[in-house]
Each structure stands twice: as structure tokens, then as C-alpha cells.
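These notes concern the structure reproduced below.
The values are calculated or read from the model by the stated rules, or taken from the named source; none is laboratory data. Note that the structure is a prediction, hence the values are computed from the model and not measured. Reconstructed Cβ throughout: ideal geometry from the backbone, glycine too, with neighbour counts over all protein chains shown.
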Amino acid sequence: MTEEEYRKILKQFHKLSDRHILVAETDMPYSDVVKVVTLSDKIRKAGNELVGLMRKNYDQLLRTKRYRKLLKLYGNTQDKDKRRVLAKQLNEMQSEYNVTWDFCRKSMIPIGRKYGIDAVFALTKAEDVWRGIEKCLYDNGNTIHFSKYGELPCIRAKQINRGIPMSVKGNKLQFKLGKTMFGIQLKDRFQQDEVDAILSYLSEPEIIDNKAVNTLIEDAYCIDTYRPCYATIVPKLIRGKYRLYLHLTIEGKVMSKYDKYGNFRHKYGKGMIGADIGTQTVAYTSDTEVGLKNLSERGNSIQTSERKERLLYRAMDRSRRATNPQNYNDDGTIKKGRKTWNYSNHYKRLRSKHAELCRINAVNRQLAINEDVNHLRSLGDIFVTEPKNAGKLMKRAKETTINSKGKFNKKKRFGKSIKNRCPGGFQSMVEKKFKITGGTYIEVPNNYRASQYDHTADDYIKKKLSDRLYKLRDGTEVQRDWYSSYLLYCYDYRTQNIDKEKCNAEFKAQYNKEKTLIAWIKANKIRILNSGIKVA
């Protein structure tokens, strides 16, 4: 094998291999932390300047009738040759109006120099801005947004030897940003295992790369090399003080976690799991267990914290209105046009409290999601659910409708529930967890209609959304979300439909588990949102 062929295969290996991120807090003194935060704010300002330029070009492109007509034709045309011609014309118009990656990259060079930012950090920020433009051009994005004051972007260099270079000193990882040298704080066994694996790679990189290339050629398989790819510094404001976290991107699968006794921390089960993921709850059915619980909830404190969050926001709104009466109409709505806002010290204190509470709630949600996903993975290895629809449920209704009483129906949908419970994030985490641990994640087709089928009648019966507890044709009362999860548990992957034989054979045993679960919920006075289960 020639040197050129070797490099080509090694490059292909880097593209195909898995990657994960190790997060650890830096050991910088606070004086250096403040300097890094200042650099992050400069990157934010430079990014905003580039956003303004690209947004202006994109808006001008979108104003042209020809571009809008070409977009419509491209969407309505099925013929591949015609679509290719239309795509070429669209690309030509994008180049004409400077809505291209090349223009975005070149425009960032003088902006980066103006703010005194390293070229590699400026290029990374330009990539982030262009990713937003691409979402507007080719996906469902409407516009790109500016970063607010206080929103500190990460400092990232997509090369391990530039921007934030890494070295080894005294069997420890050392990083450099400008003239500042710093390390990372290892607080548990998992972090230490990851760092040891990186040090093992750095001690003999050529031998491990050769092994990776040979394995890819002979077995068509990617080994875990634990090669450090690049580093990112993420600043966070926690309890009024800035803290810096290093996100180190590593090649290979994440290492296993162990408890204090040396046993695997997470166990992986075998079998089918059917799950109905709602806006606020998840119901699941597996071979060994059935469940119905609120999403993103650890203990009973989360609902209290969400209420505090709302109360603080209302207090902020009252303070803002009292100090800025010139910006509001008589009916309480905000005036149109450019406005100047004055914020009192009382408002600033409330804003700090609100931001800190939002941060704590966000961390708790993420931890709760991780715990629930790990528990589901311990029950089985085949996860069956309905397609994601959280984004659609957040949108307000466009049409104004009137109910039977002659009153206008509310246009709001499930935005607040989705913000507090994160069903989309939960479903994405489940998908990722099952795929990287050797499991199977299945989304049933739209015509599966698990919420409408009645196995006792062998028919689809439409039900109201408000019917949380309902009776089947034979008189058996079931909880709606759980029954949907049971029907997803009876999924037949060959026909991609409900396995009716399994549905009839296993219903009695699973129904008894559901009755025991509901009795336990009532006995412990657990409030399951929108479940129809009344707790005294």
C-alpha cells in the first residue's frame, strides 16, 4: 500500500468512525476565565455583524419574484432532469446575490481582524452562521437570528493543533488558548478512563492508526481509537460567576460507566418496548414492566420550580411596564417601532434570579431525560413509537374558529407543555441511546393509528382527545396512553401493522399490570398530567 492510498483510507476511517464528547471543567484561575469570556463576547459581536450582512443578502434574494417562482416550481416538479435544471438556476441566483459559503467565509476575514479574533475561531463562527443560512435555503428555517447580550458562544477550533492546541505534560492533558496554559479537573472514574484512553492513543498514534486502517480494509469495521479530534471551550454563568468547560471531541464510542463496586452502571435489556410519547407524559409497555409517568421530572420539586419561574417572569413584566410606560398602548399591548428600554435595579435582580432558575430547571430536565432513557434501555432492545410531532404541536393555529357556544377558540397549542417537558428531546435521546448500544429504534407509519384501534372490536374507533379513560367494546376500561403503548408493543415489523394475535394473547397479563400500576399511582398520590387518573 502506497503512502497516498494509506492517507486516503485513514481519512475515510475518520469520516466513518463514531465520535463522542468528554465534558470537564477547566482549572483556570478566575482572572483568566474573565479574559476568555471577553473573547467569547467578541466572537458573538463578530458573528452578529456577519449575520446582519448575510441576512440582508438573503432577504434581497427572497424578495425577487423569479427566485420565489423557481422555488415553487422546484417543489412541485417530480422529474429529476427538470429539478436539476431548476436547482442550477437557484444556485446561480444565490451566487448573484452573494448567498454562498464562499462569500460568508471571505466576509468573516475582515470582521475577525476588526475584533482581533484568531482566524480559526472566526472561521468556525462563520460555519455556524452559514449553517443557519442553509436551514433557511434548504430546510424549514425562516430567518437567522442575532445573539443577545449575555449569550456567550463557544470558542471552538476544528483542528487539534490550532486555536486550542493540546499537549501531554506529566501524564496529564494540557491545553493552550493564546498565552494561557490550562488543564481539566477530573472528578470521577469515567472522566479518568476517557483521559487514560486518550493518553494511550497519544503514546503510539501510528500503531493504532495502522490497526484502524487494517481493520477497516479486512473487516469493514471501525475500531475505537480514542483519538482527540478538537477542543471547544464553553463559558457558563452559574450562580453569578463564570465557569469554563472544555468539550473534547474524541474518536470512537463512549466508554462504559461503572459503579463503586466495579459493576456496569447501566444494564441493557432484551425484548420489545412500545411507548406512547405525549406532550407531557410517556406510557410504555414491555415484557417485564408497564409504566406511565411525567416527562422530565425528578421528584416533586420540578413543578414547584416551574411555578417559581412563571412568577418571576410575571414580576419582571410588571417591573418593565412600570419603568417603561411610554412603550405600551392604553390596552397594554406593546407599541410598534423602535423603542428605548429602561431597566431598574429591581428588574435586574429579578432577571438574574430568573436566569439562574431557568438554568437549574434545564439541567434537571436533562438529567431526568437521561435517567428515563437508561431505564427504558434496561427493559428491552427494540423500541417502537410513533413519529416525532412535537414541533408541529407547538405551532399556533392559523385559522380563527368558533365553538358551539359562540366563543372564539384559543389559537395557542402545546408550546408551554413542550418547553417544560421536552418530548422531542426525550424521543431524540431514546433514538440515539438505542442505536449506539446495539438496539433498534422503530417509528411506525402514520396509518398505524395506535390511539384509535380497539382489539376487542377489531376496528378503528375515533375518540375525543379529552377521553383519557375509556371503555373498549367488551366493557374493559383502559387508560388511553397506556393502551396506545400496548398496541405499539404489538407491532409486527414484517407487515408494519398491529399483530392481532399477539394483541389478543397478551392483553390480559399486561392489563393486570396496568391495573396494579394505576392502583399504585393512586395510593402514592402521584399526579400524572393529562392522564384522567384522579388522585384524592
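Under 6 Å between Cβ atoms, at least 6 apart or on separate chains: pull out the pairs that start in the range 213-233 with a residue that is basic (Lys, Arg) and end on any residue that is not in a helix (DSSP H, G or I).
ARG227/GLU251
Looking at ALA231, ALA212, can you tell me which residue is out of contact with any helix residue (DSSP H, G or I) (no Cβ under 8 Å at 6 or more places or on another chain) and crowded, with 19+ Cβ neighbours inside 10 Å?
Only one candidate passes the filter, namely ALA231.
I need the full set of residues from the range 390-404 which are in a helix (DSSP H, G or I) and not charged (D, E, K, R), in order please.
Across the range 390-404, the qualifying residues are ALA390, GLY391, LEU393, MET394.
Kindly indicate whether SER107 is among the small types (Gly, Ala, Ser) and over 17 Å from TYR58 (Cβ atoms).
no
Going through GLY424, GLY438 one at a time, which residue ends up being surrounded by fewer than 19 Cβ atoms within 10 Å (Cβ to Cβ), modelled with pLDDT of 85 or more, in a helix (DSSP H, G or I) and not basic (Lys, Arg)?
GLY424
Find all pairs meeting these conditions: Cβ atoms under 6 angstrom apart; at least six residues apart or on different chains; first residue within the range 69-84 and more than 16 Å from LEU137 (Cα to Cα); second residue outside any loop (DSSP other than H, G, I, E, B).
THR77/ARG83
Are any of the residues in the range 25-42 outside the structural domain of GLY438 (by TED's automatic domain parsing), over 25 Å from TYR242 (Cα atoms) and among the aliphatic types (A, V, I, L, M)?
Taking every residue of the range 25-42 in turn, none turns out to be outside the structural domain of GLY438 (by TED's automatic domain parsing), over 25 Å from TYR242 (Cα atoms) and among the aliphatic types (A, V, I, L, M).
When you scan the range 193-207, do you find a residue that is assigned to a loop (DSSP other than H, G, I, E, B), at pLDDT below 95 and within 23 Å of ASP32 (Cβ to Cβ), even just one?
No.
Can you tell me which residues in the range 455-472 are closer than 23 Å to LYS534 by Cα, in contact (Cβ under 8 Å) with a residue 12 or more places away in the chain and either assigned to a loop (DSSP other than H, G, I, E, B) or not assigned by TED's automatic domain parsing to the domain that holds VAL282 (or both)?
LYS463, ASP467, ARG468, LEU472 - these are the residues of the range 455-472 that are closer than 23 Å to LYS534 by Cα, in contact (Cβ under 8 Å) with a residue 12 or more places away in the chain and either assigned to a loop (DSSP other than H, G, I, E, B) or not assigned by TED's automatic domain parsing to the domain that holds VAL282 (or both).
Table: residues versus (1) modelled with pLDDT under 95; (2) closer than 30 Å to MET181 by Cβ.
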{"site": "ILE9", "(1), (2)": "yes, no"}
{"site": "THR26", "(1), (2)": "no, yes"}
{"site": "VAL37", "(1), (2)": "no, yes"}
{"site": "ILE43", "(1), (2)": "no, yes"}
{"site": "LEU61", "(1), (2)": "no, no"}
{"site": "GLN78", "(1), (2)": "yes, no"}
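Which of the following residues is polar (S, T, N, Q) and more than 27 Å from the chain's Cα centre (by Cα): THR225, THR143, THR180?
Every option except THR180 fails the conditions.
Just the residues that are in a helix (DSSP H, G or I), of a type in the set (Lys, Arg) and closer than 29 Å to ASN447 by Cβ, please, taken from the range 363-389.
Scanning the range 363-389 gives a single hit, ARG377.
Can we say LEU216 is modelled with pLDDT under 95, of a type in the set (A, V, I, L, M, F, W, C) and either farther than 30 Å from ASN389 by Cα or touching a Leu at 6+ places or on another chain (Cβ under 7 Å) (or both)?
It is true that LEU216 is modelled with pLDDT under 95, of a type in the set (A, V, I, L, M, F, W, C) and either farther than 30 Å from ASN389 by Cα or touching a Leu at 6+ places or on another chain (Cβ under 7 Å) (or both).
I need the full set of residues from the range 477-497 which are of a type in the set (Val, Ile, Thr) and either surrounded by 14 or more Cβ atoms within 10 Å (Cβ to Cβ) or within 18 Å of ILE277 (Cα to Cα) (or both), in order please.
VAL478 - this is the single residue of the range 477-497 that is of a type in the set (Val, Ile, Thr) and either surrounded by 14 or more Cβ atoms within 10 Å (Cβ to Cβ) or within 18 Å of ILE277 (Cα to Cα) (or both).
From the set of residues in the range 308-355 that are in contact with a strand residue (DSSP E or B) (Cβ under 8 Å, 6 or more places away or on another chain) and in contact (Cβ under 8 Å) with a residue 12 or more places away in the chain, which is nearest to ILE238 (Cα to Cα)?
Per the stated criteria, the residue is ALA355.
Identify, by number, the condition in (1) assigned to a helix (DSSP H, G or I); (2) surrounded by fewer than 18 Cβ atoms within 10 Å (Cβ to Cβ) that VAL23 doesn't meet.
Of (1) assigned to a helix (DSSP H, G or I); (2) surrounded by fewer than 18 Cβ atoms within 10 Å (Cβ to Cβ), only one is false for VAL23: (1).
Yes or no: ARG243 surrounded by 15 or more Cβ atoms within 10 Å (Cβ to Cβ), in contact with a strand residue (DSSP E or B) (Cβ under 6 Å, 6 or more places away or on another chain) and of a type in the set (D, E, K, R)?
For ARG243, the condition - surrounded by 15 or more Cβ atoms within 10 Å (Cβ to Cβ), in contact with a strand residue (DSSP E or B) (Cβ under 6 Å, 6 or more places away or on another chain) and of a type in the set (D, E, K, R) - is met.
Assess whether GLY163 counts as being modelled with pLDDT under 95 and farther than 30 Å from ASN91 by Cα.
Taking the combined requirement at face value, the residue satisfies it.
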